[in-house]
């Protein structure tokens, strides 16, 4: 089976984006419980959620539009790095998976289809003279052996 989509790259990026997204939501939840730093932590967590969404989007687009794999891989890598500032890199797991998935997406090359072999040449039909029974050329009008006319 030939690989037409960057499956491993998009799967790793997708899982990494999920980790980043969850970490961002947790930071927002913890921030809502803190009276003094709640607003700041909420904003930081929201940025982490945004990073997770962009990593997931990049993973999805990398899979669905493999001809644009380089663009979406770069987006995955950038937002995986930025996730350190909003989601602590998705507990390092999301960052690592996003980075590996993005790099795999950058270097992915679709496998070429094997060339379709040309159809075999048509074999000339073998004709036999109805008078003498010997083989004759398919284009012969007369038998070269007995001289009898060959019907079409």
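Listing for the model above:
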read-out: Filtered residues of segment 15-39 (kept if at pLDDT below 90, surrounded by fewer than 14 Cβ atoms within 10 Å (Cβ to Cβ) and part of a helix (DSSP H, G or I)); value: 32, 33, 39
read-out: Only one of 70, 44 that is modelled with pLDDT under 95 and either assigned by TED's automatic domain parsing to the domain that holds residue 19 or not in a loop (DSSP other than H, G, I, E, B) (or both); value: 44
read-out: Test: residue in segment 138-148 that is surrounded by 13 or more Cβ atoms within 10 Å (Cβ to Cβ), in the same structural domain as residue 19 (by TED's automatic domain parsing) and over 30 Å from residue 30 (Cβ atoms); value: no
read-out: Total residues in segment 78-115, condition in a helix (DSSP H, G or I) and under 17 Å from the mean Cα position of the chain (by Cα); value: 9
read-out: Matching residues in segment 90-114 - criterion: being at pLDDT below 95 and over 20 Å from residue 69 (Cβ atoms); value: 90, 91, 114
read-out: Residue 58 crowded, with 21+ Cβ neighbours inside 10 Å and either outside the structural domain of residue 96 (by TED's automatic domain parsing) or closer than 16 Å to residue 84 by Cβ (or both); value: no
read-out: Matching residues in segment 82-95 - criterion: being touching a helix residue (DSSP H, G or I) at 6+ places or on another chain (Cβ under 7 Å) and either over 22 Å from residue 27 (Cβ atoms) or surrounded by fewer than 24 Cβ atoms within 10 Å (Cβ to Cβ) (or both); value: 82, 84, 85, 88, 91, 93
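The values are calculated or read from the model by the stated rules, or taken from the named source; none is laboratory data. Small disclaimer: the values here were computed from a predicted structure and weren't measured. Positions of Cβ are backbone-derived with ideal geometry, glycine not excepted, and every protein chain shown enters the neighbour counts.
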